[in-house]
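The structure that follows is given in the form of C-alpha cells.
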Amino acid sequence: MVGLWALLLPMASLHRLNQHGRGDAAVEGRPKLLLVSFDGFRWDYIDRVPMPNFDTVMEDGVMVKQVENIYITKTFPNHYTLVTGLYAETHGVVANEMYDPVLNRSFSVDTDSRYEPQWWDEAVPLWVSIQNAGGRSGAAMWPGSDVKIRGQFPNQFLQYNASVPFETRVERIIQWFSAPKAEAVDFGVLYWEEPDESGHLLGPQSPLMDAVIAGIDEKLGFLINELKKAGIYEKVNLIVTSDHGMVQLSPDHIIELDEYVSRDLYTWVDKSPVVGIRPKEGKLDEVYSKLVDANPNMMVYKKENIPAHFHYQHNPRIMPILLEAKEGWTITQNRSETFMLGNHGNDNTLPSMHPVFIARGPAFRQNYVKTFMRSVDLYPLMCHILAIPALPNNGSLSNVKDLLSREPTPTPPSTRPPAGRDSYAPLVGALLGVAMVVGFLVVFVKQVTLKQLPTLTHRRREMSQPLLQ
Ligand SMILES: *[C@@H]1O[C@H](CO)[C@@H](O)[C@H](O)[C@H]1NC(C)=O
Ligand SMILES: *[C@@H]1O[C@H](CO)[C@@H](O)[C@H](O)[C@H]1NC(C)=O
Ligand SMILES: *[C@@H]1O[C@H](CO)[C@@H](O)[C@H](O)[C@H]1NC(C)=O
Ligand SMILES: *[C@@H]1O[C@H](CO)[C@@H](O)[C@H](O)[C@H]1NC(C)=O
Ligand SMILES: [Zn+2]
C-alpha cells in the first residue's frame, strides 16, 4: 500500500497543481506569456559567440537543445505550427508560396494574398483561443497575426511592415502587457526577421554571421531591460525560439530543372529546397518520369508517396509532385536565377534545420536543459501555462511537462481511503493497481530509453563534428 501511494503521489500533486494554477489566475489575473521568434535562429548559433543575455535566460530558466520543427522547415508553416500545435497538412499553411486547387487561388508571403483569411481558417491560433476564453492578446508582426482569422484579429496588433525596428515592436508589446488591468494582454507574440535575412545572404558559415548573432543577443538584452523597466520581468513567462535553422549552400551544388523537363509541362509553386510541382493537365506521369531519376541530389515524390513521418500529404495545397534537394543543394530552373548562400526548408529531422529554444518565468523550472522536444508540443504547453483548454493538436503536454516548475512539497491526496482491513477486495484492488503502475513504468522507462538513446548518440556526434567547421 505504501508503495502504491508513493507511485500515485506525483499524479495527485500534478492534479492539484492545475487547480492551484487556475485559482491564482482568478484571483491575481491571468498568467502572462510572451512568445518571441527570431527568424532563422539555428539551435547552435548560441555556441558561436558570447551570448550573455541568452545565458541569463537559460540559467534562470530552461533550454531545449534539439527542437524538431515541422516539415516543410519554412517560415510561415512553422510559425503557424508554434501557435496551433498542428502539422502543416492540418493547419493549411503548407508553404510560403501556395496554390489551392479548390479555391483556384495562389498565396504568397510577398503579396496581399497573405491577408486572405481562407488560407488561415483551417486552424485556430492561440491568440484567438485566449480571446475566446476571455483573455486578451497582442501581436507584433508574427506571421498571420494581422489577418482576420476565424473572424478575429488579436486585441492589439501591428500591420506587417519589415521596416519597423525591433525596438519599436518591443515597446508596443510592453505597453500592451502593462496597460491597465482591463486592457492588459495576457498572451503576446513578437517576431523579428533576423538572423534569417543575413543567413540567406551570407550563408551560415560566413564569419560575418558572428556579428549578426551577437546582435540578436543585444536585441534580447533590450527586451529583458524593457520588461524590467516596466516591472513585469518576473511576472511574464518568456519563450524565445525560432521557426527553423539554416544551411550553407554552394554555387557548385545546383540542380537545374530545365535540363530534365520542359517548363511548358508544369508550374512550380513553392521554390528551393522543397519544390511544389504542379504539372499541366494530364502531364503528371510525364513530368514525374522525367524527374524521378534525374539527379541523385534531389528526392522526387508523388504526393501519395511522401514519407509518412513528414505529415505532409493530406491537404489539397500540397502539390502532386514534391522535390526536395539534399542538404546544401539548390533547385533552380536555370542558373539565371538569383542565388542564395544559405537556405532552409529541408527534412525536419536534420539538425541544421532546427531552431533555438529557451524560456524563463514563473511557470518554468530553473537551470534545466532538456535534450529534445517537438515544436508541436509547444502549443499544449502554452495553453497549460495560460490555463486555457488546448484545441485538438499534434503535440502532447506530457512530452514537455518537465520544463515546468514543480510544486515545492507534495502532500498526500485528501481522498486517501482507510487502510483495507475489512475485506480482501481493497487489497486485491491495490495489488492490481501496483501491478499496473509497475508494468506501466517498466514499459515507459523502456520507451524513453529507446527514444533517448539515438538522440543522445546523434547529439554527441554533432558535438564532435560541429556544423560550423
Ligand atoms: C483559375 O483562375 C485563373 C485566373 O487566376 C483563370 O484563368 C482560370 O480559368 C481559373 N480556372 C478555373 C477552373 O476556374
Ligand atoms: C513602415 O514603417 C516605416 C518605419 O516606421 C515607415 O516609415 C513606413 O511609412 C511604414 N510603411 C507603411 C506602409 O506603413
Ligand atoms: C534562363 O531562363 C531565362 C528565362 O527565365 C532565359 O531568359 C535565359 O536565357 C535562360 N538562361 C539559360 C542559360 O538557359
Ligand atoms: C493532428 O491533429 C489533428 C487534430 O487533432 C488531427 O486531425 C490529425 O489527424 C493529426 N495528425 C496526425 C498525423 O496525427
Ligand atoms: Zn528564410
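Being more than 16 Å from ligand 5 (Cβ to nearest atom), of a type outside the set (S, T, N, Q), surrounded by fewer than 23 Cβ atoms within 10 Å (Cβ to Cβ) and part of a strand (DSSP E or B) is the filter here; which residues of segment 85-111 pass it?
TYR99, ASP100, ARG105 - these are the residues of segment 85-111 that are more than 16 Å from ligand 5 (Cβ to nearest atom), of a type outside the set (S, T, N, Q), surrounded by fewer than 23 Cβ atoms within 10 Å (Cβ to Cβ) and part of a strand (DSSP E or B).
Sticking with this structure for a sec: Any chance you could count how many residues in segment 73-84 are polar (S, T, N, Q) and within 12 Å of ligand 5 (Cβ to nearest atom)?
3
This table checks each residue for (1) under 29 Å from PHE357 (Cα atoms); (2) more than 14 Å from the chain's Cα centre (by Cα); (3) at pLDDT 55 or above; (4) not in a loop (DSSP other than H, G, I, E, B).
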position: LEU378; (1), (2), (3), (4): yes, no, yes, yes
position: MET382; (1), (2), (3), (4): yes, no, yes, yes
position: ILE388; (1), (2), (3), (4): yes, yes, yes, no
position: SER414; (1), (2), (3), (4): no, yes, no, no
position: PRO417; (1), (2), (3), (4): no, yes, no, no
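For (1) within 16 Å of ligand 3 (Cβ to nearest atom); (2) charged (D, E, K, R); (3) surrounded by 20 or more Cβ atoms within 10 Å (Cβ to Cβ), each residue gets a yes or a no:
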position: GLY342; (1), (2), (3): no, no, yes
position: ASP347; (1), (2), (3): no, yes, no
position: ARG360; (1), (2), (3): no, yes, yes
position: GLN366; (1), (2), (3): no, no, no
position: VAL369; (1), (2), (3): no, no, no
position: SER375; (1), (2), (3): no, no, yes
position: ILE385; (1), (2), (3): no, no, yes
position: PRO392; (1), (2), (3): no, no, no
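Then there is this: Give the residue that is farthest from ALA363 (Cα to Cα), with candidates limited to residues of segment 54-104 that are within 16 Å of ligand 1 (Cβ to nearest atom) and among the acidic types (Asp, Glu).
Going residue by residue through segment 54-104, those that are within 16 Å of ligand 1 (Cβ to nearest atom) are 97-104.
Those still in the list that are among the acidic types (Asp, Glu) too: 97, 100.
Details: GLU97: 37, ASP100: 40 Å.
Looking at residues that are within 16 Å of ligand 1 (Cβ to nearest atom) and among the acidic types (Asp, Glu), I get ASP100.
Further question on the same structure: I'd like to verify a number: residues in segment 135-152 that are farther than 24 Å from HIS384 by Cβ and hydrophobic (A, V, I, L, M, F, W, C), how many?
So in segment 135-152, the residues farther than 24 Å from HIS384 by Cβ come out as 141, 146-148, 151.
Checking which are hydrophobic (A, V, I, L, M, F, W, C) leaves us with 141, 147.
The qualifying residues number 2.
Being within 16 Å of ligand 4 (Cβ to nearest atom), in a strand (DSSP E or B) and either in contact (Cβ under 8 Å) with a residue 40 or more places away in the chain or not assigned by the TED database to the domain that holds PHE153 (or both), is that true of even one residue in segment 65-76?
Looking through segment 65-76, at least one residue is within 16 Å of ligand 4 (Cβ to nearest atom), in a strand (DSSP E or B) and either in contact (Cβ under 8 Å) with a residue 40 or more places away in the chain or not assigned by the TED database to the domain that holds PHE153 (or both).
Related question: Any residue at all in segment 108-118 that is assigned by the TED database to the domain that holds TYR191 and of a type in the set (A, V, I, L, M)?
no
Residues of segment 171-222 being part of a helix (DSSP H, G or I) and small (Gly, Ala, Ser), which ones?
Pass one, segment 171-222, residues part of a helix (DSSP H, G or I): 171-177, 196-202, 209-222.
Result: SER198, GLY199, ALA211, ALA214, GLY215, GLY221.
Can you tell me which residues in segment 153-170 are assigned to a loop (DSSP other than H, G, I, E, B) and not aliphatic (A, V, I, L, M)? Please lay out each step first, then the result.
Quick first cut of segment 153-170, residues assigned to a loop (DSSP other than H, G, I, E, B) only: 153-155, 159-165.
Scanning segment 153-170 gives PHE153, PRO154, ASN155, GLN159, TYR160, ASN161, SER163, PRO165.
The values are calculated or read from the model by the stated rules, or taken from the named source; none is laboratory data. In this text, all values refer to a predicted model and were calculated from it rather than measured experimentally. Cβ coordinates were reconstructed from backbone atoms using ideal geometry, including for glycine residues, and neighbour counts include every protein chain displayed.
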